[in-house]
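In what follows, a single structure is set out as structure tokens and then discussed.
The values are calculated or read from the model by the stated rules, or taken from the named source; none is laboratory data. Values in this document were obtained by computation on a predicted structure and should not be read as measured data. Every residue, glycine as well, gets a Cβ built from its backbone with ideal geometry; the counts of neighbours run over all protein chains shown. Heads up: the accessible areas ignore ligands, DNA and RNA and are worked out on the full protein's heavy atoms, side chains in. Shrake-Rupley method; radii C 1.70, N 1.55, O 1.52, S 1.80 Å.
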Amino acid sequence: MKPLLAVALGLAFSALLAGNAAASPHDACRRPSTLNHITKNFRDKTAPFLQTGTEIARIHSTRMSRYEPRTKDISSVEREYCHAKVALTDGQQHDLWYVVQWGLGFAGSGYKIDFCISGLDPWHVYGADCRSLR
């Protein structure tokens, strides 16, 4: 193995073990399709149950909080845990916690997005203050 390649692989492996945000091959936390999915699902599914009449106006300050790679022995699912701030149309600001998971679709292809907005989960579906998505 060439020395430069060995160093690069070593750094990449160290980044994965350290939970470094740069370790994700997808960068799904900031991807417009991810944020649009969250905005649309909040509008179509969550907001009608909350009956607040608000929608997501803007998602900002996105970052990855944790990355779990696919592993041969432990999990065939790859996960990118994310955190952002969300501004609602009523002017309120909340923390948004979400996870993008690959390998959950038909025959192990595709992805799934789960999200929770702190303070807007009255049934604690994701635990107290969205704890299970952190």
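Quick notes on this one:
- Extending 7 Å from Cα along the Cβ direction at residue 72 and again at residue 89 yields two label points whose distance is 5.1 nm.
- Carbon + sulfur, % of accessible area of the stretch 42-108 - ligands and nucleic acids excluded, 1.4 Å: 50 percent
- A 1.4 Å probe run over the stretch 56-134, with the rest of the protein chains in place, finds 55 Å² accessible per residue.
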